[in-house]
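The structure appears right after this line, and notes come after that.
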Amino acid sequence: MRLTAVAYGLLALFALGVPLLGIYPVFMMQLLCLAMFACAYNLLLGFGRMLSFGHAAFFGAAAYATGWLVTAHAWGPGAAIVAGVVVAGLLGLAVGALAIRRQGIYFAMITLALAQLVYFVCLEAPFTGGENGLQGVPRGKLLGFLPLKSDVVLYYVVLAAFVAVFLFIRRVVHSPFGQVLKAIRDNEPRAISLGYEINRYKLLAFVLSATLAGFAGSLKALVFGFVTLSDVQQSTSGEVILMTLLGGTGTFFGPVVGAAVVATLQQYLSDLVGGWVIAIIGVVFVACVLSFRRGIVGELAAARWLRRAPPPR
Amino acid sequence: MKLRMLTLATTAALAAAAGGTARAADEVVIGDIDDMSGVYADVMGAAGVEVVKWAVADFGGSVLGRKITVLSADHQNKPDIGAAKFREWADQNGLNMLLGGSNTGVNIAMAKVAAVKHVPTFHIGPGGASLSNEDCTAYTVHYTYDTVALANGTATAIVNAGGKTWFYLTADYAFGTQLQAAASKVVEAHGGKNLGAVRVPLGAADFSSFLLQAQASGAQVLGLSNAGTDFSNSLKAANEFGITKTMKPAALLAFITDIHSLGLPAAQGLYLTTAWYWDLNPETRAFGKRFYARFNREPTMDQAGAYSATLTYLKAVKAAGSTDPDKVMAQLKKAKIDDMFTSGGSIRADGAMIHDMYVMQVKTPQESKYPWDYYKVVKKMAGAEAFGPITGLCPLAPAPK
């Protein structure tokens, strides 16, 4: 336990010192947004065992909402982020209410189909800019005084948001709600027989996950100053699954590691090999599925379990 | 109190960050962001980076006593990747000038970054005329061609040759619809009629139902408002269906590489508009020869444009005696551009580079005498005719009264 605390402390120090270390803050912000997205996804997959193939819909819808409000209606960044998160939450409610009626592959297919619907709306709707997306989204001033134009200021805002979401997810999982969710994950009939309205729990988990994914999308819209179709595309949904699985589902820190690995690979390999990045990441994924199924953090945690006590199952 | 502390800390961090990035002042950095691996990779791509390096070498490798370096990246046709890379180079590598390759969407995203970061940016590969209209900035130049010039060239030539009724096969995205709109306008202005259009998803594999709709329209001309593999696949399919016997196909954007991959039997008789062709004059042939020796194919107009744009920028830097973006842009908008790409070209206030365009017709296999002998010049259009008047949509250039 103490080791974990030290690791978190070091990581916090690193995160705070990023601008001083000469690491490019925009890249770190992208990484944090992806990490937040993956953490949100992990809440659904890791703790609710619901495999959604359409999470980019929430990420992208919130990004479009925020981008559009800031650009076309001159909203402040704070209000626009809140609006984006609300849009993602409502969309999550609608999609979740339909999807949780089925399980497994059917659940995945329903989320995929509805996400494609959102994609085509974003492609054809008049305010989204079609193939060109929304460009030149200004960052503005947070709460009217904090200028986000500086990368460093925005970095600390995004970092604070990420830490808040991370702690929130921990809190949710450790709450009675989270325990019931895990119970449903591990044995659904038993949870029903104990008298839990499992659909309510699943729906709430789905909406929470969609909302937080939307938060990540809204932040990304401000960080880069544009929203494009790739934010709502199927490949983004696939990427978040990959990040979560690679890092370790059902661990708190796994998605963060997964996001860091994928984002770094994309950033540095794309200069060297161009479009082959996708193939390389695919190979990494295959290796992960074949040899370390619990993901990076999952395997590390399992190794520690083995040394101390028999694993839980 | 806490807020003040935070502000102080942030300021300190900012100062440190500023100190960290203030390098590369002894170099002039040119970047090229393009599709290096996807559907447009042959239009500019890796060979485009190579010609930029040629231009740098031909200029002498340095300007104002500063070494010139060339960076390149693959945007994978994603606006987010292109814009992020551009922003990173501007923040971290002291980028002085950017060349934007294919894809209008990616270039619009990069134009927004150019406006914020004040980096002179040359759009080489994209067609969307919005880049010198509603998406124009004080730091962007739309160099090679645009949808308006393509439509003015090809559509005018075909309507005048008797193709009065048109039906469009349009790629379902910004570029395709902009091109269709531009062509429709030209057709109507010359007394032709637009009978309809069908929008085809980007990268479609099966064109049969769309082509049957086109055939059923009874139009004389099939306007192919698409590009790259979409263009060659749709034309091939039209040939297979025998549609080209009753309808005349019109290529609204075709590169010489497309014609090469289609082959002359399929492409013969096609009208198209291009900014540059390797077999125009001794200078273009010399560039073609140099390119052919290295890549075993002739260059596209985009590759020639990339070479020319790099030289144009370096000449402007030399004339202005500085890499200061405002001074360089002012110099660019004064200068006349004379090189193997064009003669008497000039950059207008809205950023459009005004130069001659050529309406071409693809030769028949019998007419073609040697490898890559594909086009005959139908008409040379002066820049003003090709690119049309200033529209007033760009805030930098009010429409003439």
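The values are calculated or read from the model by the stated rules, or taken from the named source; none is laboratory data. What you see is a predicted model; the values in this text were computed from it and never measured. Every residue, glycine as well, gets a Cβ built from its backbone with ideal geometry; the counts of neighbours run over all protein chains shown. Just so you know, the surface numbers come from the protein's heavy atoms only, side chains and all, with ligands and any DNA or RNA stripped out. Shrake-Rupley method; radii C 1.70, N 1.55, O 1.52, S 1.80 Å.
Quick look at the values:
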| read-out | value |
| --- | --- |
| Answer residue from the stretch B:377-398, given it is in contact with an Asp or Glu (Cβ under 7 Å, 6 or more places away or on another chain) and not hydrophobic (A, V, I, L, M, F, W, C) and is nearest to B:THR147 (Cα to Cα) among those | B:GLY383 |
| Every residue from the stretch A:273-313 that is modelled with pLDDT under 75 and within 14 Å of another protein chain (Cβ to nearest Cβ) | A:GLY274, A:GLY275 |
| Close pairs from the stretch A:3-17: first at pLDDT 85 or above, partner open to solvent by less than 80 Å² (accessible area, probe 1.4 Å) and hydrophobic (A, V, I, L, M, F, W, C), Cβ under 7 Å, at least 6 apart | A:ALA15/A:LEU159 |
| Some residue of the stretch B:249-256 being within 21 Å of B:ILE158 (Cα to Cα) and either in a helix (DSSP H, G or I) or among the β-branched types (Val, Ile, Thr) (or both) | yes |
| Residue in the stretch B:249-260 that is modelled with pLDDT of 90 or more, open to solvent by 30 Å² or more (accessible area, probe 1.4 Å) and within 22 Å of the chain's Cα centre (by Cα) present | yes |
| B:GLY162 within 14 Å of another protein chain (Cβ to nearest Cβ), small (Gly, Ala, Ser) and open to solvent by 10 Å² or more (accessible area, probe 1.4 Å) | no |
| Breaking point among (1) farther than 19 Å from B:ALA205 by Cα; (2) in a helix (DSSP H, G or I); (3) small (Gly, Ala, Ser), for B:ALA237 | (1) |
| Filtered residue count, the stretch B:223-246, keeping only those that are among the aliphatic types (A, V, I, L, M) and either surrounded by 23 or more Cβ atoms within 10 Å (Cβ to Cβ) or under 24 Å from the mean Cα position of the chain (by Cα) (or both) | 4 |
| Test: residue in the stretch A:51-58 that is open to solvent by less than 20 Å² (accessible area, probe 1.4 Å), within 14 Å of chain B (Cβ to nearest Cβ) and over 30 Å from A:GLU188 (Cβ atoms) | no |
| Residue check, B:ARG66 within 11 Å of chain A (Cβ to nearest Cβ) and either open to solvent by 30 Å² or more (accessible area, probe 1.4 Å) or more than 30 Å from B:SER261 (Cα to Cα) (or both) | no |
| Which numbered condition B:ALA114 fails, given (1) farther than 16 Å from B:LEU272 by Cα; (2) touching a Phe, Trp or Tyr at 6+ places or on another chain (Cβ under 6 Å); (3) away from chain A (no Cβ under 13 Å); (4) buried (at least 22 other Cβ atoms within 10 Å of the Cβ) | (3) |
| Close pairs (6 angstrom Cβ cut-off, 6 or more residues apart or separate chains): in contact (Cβ under 8 Å) with a residue 24 or more places away in the chain in the stretch B:244-271, β-branched (Val, Ile, Thr) and surrounded by fewer than 19 Cβ atoms within 10 Å (Cβ to Cβ) anywhere | B:GLN268/B:THR364 |
| Yes/no for B:SER343 being over 17 Å from B:TYR143 (Cα atoms) and either open to solvent by 10 Å² or more (accessible area, probe 1.4 Å) or modelled with pLDDT of 95 or more (or both) | no |
| Residue list for the stretch B:72-103, filter: facing chain A (nearest Cβ under 7 Å) and polar (S, T, N, Q) | B:GLN76, B:GLN92 |
| Filter pass, B:ALA219 being in a loop (DSSP other than H, G, I, E, B) and under 16 Å from B:GLY196 (Cβ atoms) | yes |
| Residue match in the stretch B:86-99 (condition: within 16 Å of B:TYR145 (Cβ to Cβ) and open to solvent by less than 20 Å² (accessible area, probe 1.4 Å)) | yes |
| Index of the failed condition, B:ASP135 passing every other in (1) in a loop (DSSP other than H, G, I, E, B); (2) surrounded by fewer than 24 Cβ atoms within 10 Å (Cβ to Cβ) | (2) |
| Residue that is nearest to B:PRO126 (Cα to Cα) [pool: residues in the stretch B:353-363 that are open to solvent by 10 Å² or more (accessible area, probe 1.4 Å) and in contact with a helix residue (DSSP H, G or I) (Cβ under 7 Å, 6 or more places away or on another chain)] | B:ILE354 |
| Answer from B:ALA189, B:ALA205, B:ALA174 - the residue that is closer than 25 Å to B:THR104 by Cβ, open to solvent by 10 Å² or more (accessible area, probe 1.4 Å) and either hydroxyl-bearing (Ser, Thr, Tyr) or touching a helix residue (DSSP H, G or I) at 6+ places or on another chain (Cβ under 7 Å) (or both) | B:ALA174 |
| Output for the stretch B:49-63, where each listed residue is within 16 Å of the chain's Cα centre (by Cα) and away from chain A (no Cβ under 13 Å) | B:VAL51, B:VAL52 |
| Conditions (1) touching a helix residue (DSSP H, G or I) at 6+ places or on another chain (Cβ under 8 Å); (2) surrounded by fewer than 24 Cβ atoms within 10 Å (Cβ to Cβ); number of the one not met by A:GLY195 | (1) |
| When residues of the stretch A:106-118 are limited to those that are within 21 Å of the chain's Cα centre (by Cα) and open to solvent by 30 Å² or more (accessible area, probe 1.4 Å), the one nearest to A:GLY238 (Cα to Cα) | A:LEU112 |
| The stretch A:1-20, subset over 27 Å from A:GLY217 (Cβ atoms) and open to solvent by 80 Å² or more (accessible area, probe 1.4 Å), residue farthest from the other protein chains (Cβ to nearest Cβ) | A:MET1 |
| Residue within the stretch B:348-366 that is at positive phi and out of contact with any Phe, Trp or Tyr (no Cβ under 6 Å at 6 or more places or on another chain) present | yes |
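Residue-by-condition table, conditions (1) closer than 16 Å to B:HIS75 by Cα; (2) of a type in the set (S, T, N, Q); (3) surrounded by fewer than 20 Cβ atoms within 10 Å (Cβ to Cβ):
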| site | (1), (2), (3) |
| --- | --- |
| A:VAL223 | no, no, no |
| A:VAL240 | no, no, no |
| A:THR251 | no, yes, no |
| A:VAL257 | no, no, no |
| A:ASP271 | yes, no, yes |
